[in-house]
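For reference, the structure is listed below as structure tokens.
The values are calculated or read from the model by the stated rules, or taken from the named source; none is laboratory data. Predicted model, so just to flag it, every value in this text is computed and none were measured. Counting neighbours? That spans all protein chains shown, and the Cβs are built from the backbone with ideal geometry, glycine included. Quick note on the areas: whole protein, heavy atoms, side chains included, nothing else; ligands and nucleic acids left out. Shrake-Rupley method; radii C 1.70, N 1.55, O 1.52, S 1.80 Å.
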Amino acid sequence: MITSNKKTENNDLSVLKRKPSDLRRYMKWTAETKASYGSMTNYLLAHRLPKTWGEPPFTPVSDVPFAEPSDYCVLLNDWPYGFEPGITHMVVWTRTAIATDDDRGDMTPESRKIVDDFAKRYFVDRLGPGDEDKVLYFKNWVALQSVRALEHIHVLVKDVDPALIKEWTREQEWHKA
């Protein structure tokens, strides 16, 4: 079971951190990547995101996040937060804007419902009845995002069959150039 504490229940995402050794490697890799590509966005566009998306600003098929499969892409996180064993950290990148409030940069109630519905449909429903507690998902507030130019949410799953994770993260036909 993925457990939360009062801070994550209250949407205090600052509690999500990388292990110190991972953080040092991440910071080094980030600096080297930015030096080579100019930005994390450029790196992601060159190596991780679908070529069919083109360059920002993107033109999504749907203005509603996660409504059109060609508008999002599920990838394993190359630099996951430090969690207990058995937790897999994925990132769902989307070329459709996810609305945030102006005060904290947190999702609006409407966008939170859209993300909730997507996570249930794409992840939770595939696990079956009683496995809802194996999935945790969130969108970092704007201030906490390391890649602000590209919309994304984080999804954590606990003790999920690797074959299902591979299915969730495989390259889709509509993303192939």
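A few notes on this one:
- Number of the condition not met by ASP133 [criteria: (1) at pLDDT below 95; (2) farther than 15 Å from LEU75 by Cα; (3) in a loop (DSSP other than H, G, I, E, B)]: (3)
- Counted residues, region 44-63 - those being touching a residue at least 40 places away in the same chain (Cβ under 8 Å), part of a loop (DSSP other than H, G, I, E, B) and aliphatic (A, V, I, L, M): 1
- Restricting attention to region 92-108 and to residues that are among the acidic types (Asp, Glu) and without any contact (Cβ under 8 Å) to a residue 12 or more places away in the chain, the residue that is surrounded by the most Cβ atoms within 10 Å (Cβ to Cβ) turns out to be ASP101.
- Against the conditions (1) in a loop (DSSP other than H, G, I, E, B); (2) more than 22 Å from TYR122 (Cα to Cα), THR33 satisfies every one except (1).
- The set of residues from region 76-100 being in contact with a His (Cβ under 9 Å, 6 or more places away or on another chain) and not in a loop (DSSP other than H, G, I, E, B) comprises LEU76, HIS89, MET90, VAL91, VAL92, TRP93, THR94.
- Screening PRO162 on (1) open to solvent by 30 Å² or more (accessible area, probe 1.4 Å); (2) farther than 26 Å from GLU55 by Cβ; (3) at pLDDT below 95 shows it passes everything except condition (3).
- Of everything listed in (1) part of a loop (DSSP other than H, G, I, E, B); (2) at negative phi; (3) aromatic (Phe, Trp, Tyr), the single unmet condition for PHE66 is (2).
- Qualifying residue in region 144-153 (condition: modelled with pLDDT of 95 or more and of a type in the set (D, E, K, R)): no
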